[in-house]
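Notes follow the structure.
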Amino acid sequence: KAQKTAAFANEVSELNSLLSEVDRFSNTIKNASLEDQRDALQEFYDAQIWDTFNGIRTKIELPQELKSIERDLKRVENLIASKKFSIERVDLTIVRAAIDEMKNPIDQARSQFNLGNFEDASEALQVIHEGGHPGEIYGILQELREINQRLKRFKAEVKEVFHEALDPVYEAVHSGDFREANMMLQDIRNDLWRLLGKVKGKSRVNEDMQQK
C-alpha cells in the first residue's frame, strides 16, 4: 500500500528497515545456542518492532479507513432522511442519536491524524470499532426494512408473531448495539425468510410454526 503512494516514501523506507531488522533477529534466534536463545528473544521483545510497525500501519491505512467510515455514515444519514423510510418498532430518533455520537470520534481521529498523533487517532476510532461501524447500521436498517415491507402484507396476528421473534434485534438496536443486532439477524436470516414464505396469505400462524 505504501509503495502505491509517493507521499509514503519515508514509510516504505521504514518498513524495509523493519524487515531487515526482523530478518536479523530471526537469524540470531535460530542460530543461537540454547543458553543464548533466551537473551536473543529478550532482545527482540525489547526492540518493540510490533509497536513501530503499528504506528506506520496507522499512517498508511487510517486515511482510507476514515473515508470509508464517513462514506458509510453519509449513506445511513441519507437512508433515514427519506420521508418514506420507516421500520415498525424501531425508533429512528435513537438511530439518529447514535449516528450523531459517531461524528465526534471521527472528527477527533482526523484531527489527531493531521497533527501527527497517529496512536491517538487510532484510539479515537476504537469507539466505532467496538460499538458498531456505520456500515453495520446501514446493513441492519436495510434488512429490517425489507422484512418490514414483507410483513405489511400479512394479517395482524401473523405480523405479531414475527415481530415477537425479532424483539431481541429491536432491543439491540435501541440500546445502540448495532453489531449485536446484525449478528442476531444474520443468524436467523435464512430461516426467517423461509418462514415468511410459508405463512404468505395465511390469516394466522399455527403453534408448530410459532415454535419455529
Mean Kyte-Doolittle of at least -1.0 and a Cα length of 15 Å or more along the axis: which whole DSSP H helices of the chain meet both? 9-31, 49-81, 92-114, 134-151, 178-198
Using helices alone, what [θ] at 222 nm do you get for the chain, with -39,500 (n - 2.57) per DSSP H run of 4 or more residues, divided over all residues and rounded to the nearest 500? -26000 deg cm²/dmol
Projected onto the charge dipole of segment 86-126 (+1 at Lys/Arg Cβ, -1 at Asp/Glu Cβ, origin at the Cα centre), which of 86, 122, 112 gives the Cα projection farthest towards the positive end? 86
Listed residues 35, 136, 164; largest mean-square fluctuation, Gaussian network over the chain with Cα springs below 10 Å, found at 35
Using the crude model of +1 on Lys and Arg Cβ and -1 on Asp and Glu Cβ, and no other charge, please compute the dipole size for segment 56-164 relative to its Cα centre, in debye to 20. 740 debye
Nearest 20 debye, what's the magnitude of the dipole of segment 1-98 about its Cα centre given +1 on Lys and Arg Cβ and -1 on Asp and Glu Cβ? 1020 debye
Listed candidates [x] -0.45, -0.74; [y] -0.57, -0.78; [z] -0.38, -0.67 - label of the one calculated as log10 I(q)/I(0) by the Debye sum over Cα atoms at q = 0.09, 0.12 Å⁻¹: [y]
For the chain, built as a Gaussian network whose Cα springs stay under 10 Å, the top-fluctuating residue of 93, 58, 28: 28
Distance-filtered residues of segment 49-76 - backbone nitrogen under 17 Å, label point 7 angstrom along residue 17 Cα→Cβ: 49-60
Using 0.36 nm times the number of residues separating residue 75 and residue 191, minus their current alpha carbon distance, what extension gain do you get? 39.0 nm
The equivalent-ellipsoid semi-axes of segment 158-212, taken as the square roots of five times the Cα gyration tensor eigenvalues and listed largest first in whole Å, are 23, 12, 8
The chain: most fluctuating residue of 78, 31, 54 per GNM, C-alpha cutoff 10 Å: 31
Within straight-line cross-link reach of residue 202, aspartates and glutamates at Cα separation under 16 Å, skipping those fewer than 8 residues along the same chain: 157, 160
Under 19 Å from residue 103, Cα to Cα: lysines that are on another chain or at least 8 residues apart: 67, 74
Any idea how far apart residue 157 and residue 89 come out in nm if each label point goes 7 Å out from Cα toward Cβ? 1.8 nm
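Can you figure out the FRET efficiency of residue 4 with residue 200, using R₀ = 41 Å and their beta-carbon distance, to the nearest 0.05? Each step should come with its number before you reach the end.
Values: r = 51 Å, r/R0 = 1.24.
So the FRET efficiency works out to roughly 0.20.
Rule-based calculations on the coordinates, nothing more; no lab input. What you see is a predicted model, and the numbers here were worked out from it, not measured in a lab. Cβ sites come from the backbone with ideal geometry, for glycine too, and all protein chains shown count toward neighbours.
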